[in-house]
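> I have a structure here, written as C-alpha cells, and I will follow up with some questions on it.
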Amino acid sequence: MTRVNLQYYAQLREQAGASAEQVSTAAVTLRDLYEELRARHGFSLPVDALKVAVNTQFSDWSRALAEGDTVVFIPPVAGG
C-alpha cells in the first residue's frame, strides 16, 4: 500500500466532503487512484475532464504513485 496526500477543489471537494485527505492505496498509477476515489466518493467527473498534479507539477495520468506524493485533481474551471 502506498500512502498519498490528496487535495480536492471545487466540485470534487463538495463530493468528497473534504478539501484534503491522506489515503493508503493499492493503486499503481494516478488514473488507478482516481478511479478508486471515484468509487469511494462518487465523483461524477471522468478522468478526461480533469488535470492532475503531483508534488506541485502537472503530470500524466499514467505516472506511478510514490510514497508521500501530494496529488491534486484539478476540475474544469468555470469563468464569468
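> Using 7 Å Cα-to-Cβ label points, what is the Arg40/Gln22 separation (nm, one decimal)?
With each label point 7 Å from Cα toward Cβ, the separation is 1.3 nm.
> Can you tell me how the stretch 3-58 classifies by the Cα gyration tensor, rounded, prolate or oblate, using a/c under 1.5 as the rounded cut? Don't skip to the answer; put the middle values down first.
Details: a/c = 1.18, a/b = 1.15, b/c = 1.02.
Rounded is the answer for the stretch 3-58, as its axis ratio a/c remains below 1.5.
> Connecting C-alpha atoms closer than 10 Å in a GNM of the chain, tell me which of Thr25, Thr70, Thr56 has the biggest fluctuation.
Thr56
> Hey, got the dipole for the chain? About the Cα centre, +1 on K and R Cβ, -1 on D and E Cβ, debye to the nearest 20?
In total the dipole reaches around 100 debye.
> Here's another thing I want to ask about it. What GluC sites (Glu not before Pro) in the stretch 32-80 are in a loop by DSSP, with at most 13 other Cβ atoms within 10 Å of the Cβ? Don't skip to the end; give the middle numbers.
Details: sites: Glu35, Glu36, Glu67; in loops: Glu67.
Sites meeting the loop and neighbour criteria: Glu67.
> Name the long-range amide H neighbours of Tyr8: under 5 Å, sequence gap of 5 or more, or other chain; modelled H, no Pro or chain starts.
Here Ala20 satisfy the definition.
> Determine the calculated [θ] at 222 nm for the chain from helices alone, applying -39500 (n - 2.57) to every DSSP H run no shorter than 4 residues and normalising by the residue count; nearest 500 deg cm²/dmol.
Calculated mean residue ellipticity at 222 nm is -7000 deg cm²/dmol.
> Taking the chain as the reference, fit the longest principal axis to its C-alpha atoms, fit the long axis of helix 30-41 to the helix C-alpha atoms, and give the angle between the two in degrees, 0 to 90, nearest 10.
The angle comes out near 60 degrees.
> Counting pairs of alpha carbon atoms under 8 Å apart in space and at least six apart in sequence, what relative contact order in percent does the chain give?
40
> What does the extension gain come out to for Gln7 and Ala49, with contour length at 0.36 nm per residue minus their alpha carbon separation? The partial results should precede the final answer.
Numbers: separation 42, 0.36 × 42 = 15.12 nm, distance 1.67 nm.
Contour length minus Cα-Cα distance gives 13.4 nm.
> Okay, moving on. Can you list residues whose amide H is under 5 Å from Thr29's amide H, if they're 5+ apart or on another chain and H is modeled 1.01 Å from N?
Residues meeting the amide H criterion: Leu65.
> As a test of reading the structure, rank Asp48, Asp32, Asp69 by solvent-accessible area (1.4 Å probe, protein chains only), most first. Numbers along the way, then the final one.
Details: Asp48 140, Asp32 70, Asp69 10 Å².
Accessible-area ranking of Asp48, Asp32, Asp69, largest first: Asp48, Asp32, Asp69.
> Can I ask one more? Just to verify a number: FRET efficiency for Val77 and Arg31, C-beta to C-beta distance, R0 = 22 Å, to 0.05?
0.55
The values are calculated or read from the model by the stated rules, or taken from the named source; none is laboratory data. No experiment lies behind these values; they were computed from the predicted model shown. Positions of Cβ are generated from backbone atoms using ideal geometry, with glycine treated the same way; all protein chains shown enter the neighbour counts. Heavy atoms of the whole protein, side chains included, go into the accessibility calculation; ligands, DNA and RNA do not. Shrake-Rupley method; radii C 1.70, N 1.55, O 1.52, S 1.80 Å.
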